[in-house]
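Here's the structure we're looking at; comments come further down.
Just so it is clear, none of the values below were taken in a lab; they were calculated from the coordinates. In this text, all values refer to a predicted model and were calculated from it rather than measured experimentally. Here the Cβ positions follow ideal geometry from the backbone for every residue, glycine too, while neighbour counts run over all protein chains shown.
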Ligand SMILES: C[S@@+](CC[C@H](N)C(=O)[O-])C[C@H]1O[C@@H](n2cnc3c(N)ncnc32)[C@H](O)[C@@H]1O
């Protein structure tokens, strides 16, 4: 169903920023200490790679440099439910956590985890296109630091091919991260994506495992078409808290899952993304409560799944 808010939303044009005055401080610190890229080369280095990537993949989050912002570490569940288990030594005979950054793009959230002290052997990433994996290694200058075989490609959420590389991690993932991925799909395809996420999750932990991330959401859920150079890189469906829960409840109720899932808990928050000036860090992003009627919001979510 299309309402007035959705028709207005369809008038948005994707933005493209030619360059940027400063990098987010957290990214610049990581490029300095982890990637060993001198401060005065960093902006040129990032903009050059961004331009190359945008020429092939004109996603709004690449055009506007949103991908430089470490969205996973800004997630309210990051410290407790992502970083802490991925850093912690696990005694013998307990289940070791396994993290997958699905749709990793430049792999900035993966590198932030490494930089924050997560154990690298627990970290995996995937993308549908190997160019993104290559861009990530160039951007972070770390081909000698990370295990190449932990970068799965092509990993296509809606592929039915038995050769798709995501199958390597079927039934193995305990923390599954997807940021700026769900909104790329129509509601029908999102059902297939949620189903694919459930397949990836580890079933025998005896406790809940986690899918988390964020994407563009709206107080008026429904199909949106952010106008872009091509349909392929556009946002297609935005959720509010209720419709997002409804999607997962629908998938959980399918024959394939209804007897296999003991509990499924969906939490999400719709937030407004704001850029503000910070004396120490330059420009930073802060998340605040949305204005009434907003249809371009940021939805952070957690989906906790306990299998029978
Ligand atoms: C908008 S980018 C966001 C990437 C990153 N997570 C971030 O927050 O910056 C979307 C990513 O999803 C990947 N992608 C697109 N379609 C996909 C599919 N069918 N299966 C898996 N990944 C896909 C793209 O290649 C791209 O890296």
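Some points to look at:
- Between residue 80 and residue 141, the simple spin-label model (points 7 angstrom out along Cα→Cβ) gives 3.8 nm.
- Sorting 16-26, 247-257 by their mean Cβ neighbour count within 10 Å, with the most densely packed peptide first, gives 247-257, 16-26.
- Based on every Cα atom in the range 131-196, Rg and the maximum pairwise Cα distance Dmax equal 13.7, 41 Å.
- Unit Cα scatterers, Debye sum, the range 33-139: log10 I(q)/I(0) for q = 0.16, 0.17, 0.24 Å⁻¹: -0.77, -0.86, -1.40
- Sites residue 33 and residue 130 - FRET efficiency at Förster radius 41 Å, r taken between beta-carbons, to 0.05: 0.90
- Taking 0.36 nm per residue of sequence separation and removing the Cα-Cα distance, the residue 90/residue 161 pair yields an extension gain of 22.1 nm.
- For the chain, calculated [θ]222 nm from helices alone, where every DSSP H run of n ≥ 4 adds -39500 (n - 2.57): -8500 deg cm²/dmol
- Mean silhouette area of the range 152-308, derived from the convex hull of its C-alpha atoms and averaged over all directions, reads 11.3 nm².
- Residue-normalised convex hull volume from the C-alpha trace of the chain: 138 Å³ per residue.
- Among 193, 181, 286, residue whose mean-square fluctuation peaks in a GNM of the chain (springs only between Cα atoms under 10 Å): 286
- Exposure proxy shown here: for 278, 163, the number of other Cβ atoms within 10 Å sets the order, fewest to most, as 163, 278.
- Label-point separation in nm, residue 116 to residue 294, each point 7 Å along Cα→Cβ: 2.2
- Whole-angstrom gap from the range 291-305 to the range 106-177, using each part's C-alpha centre: 25
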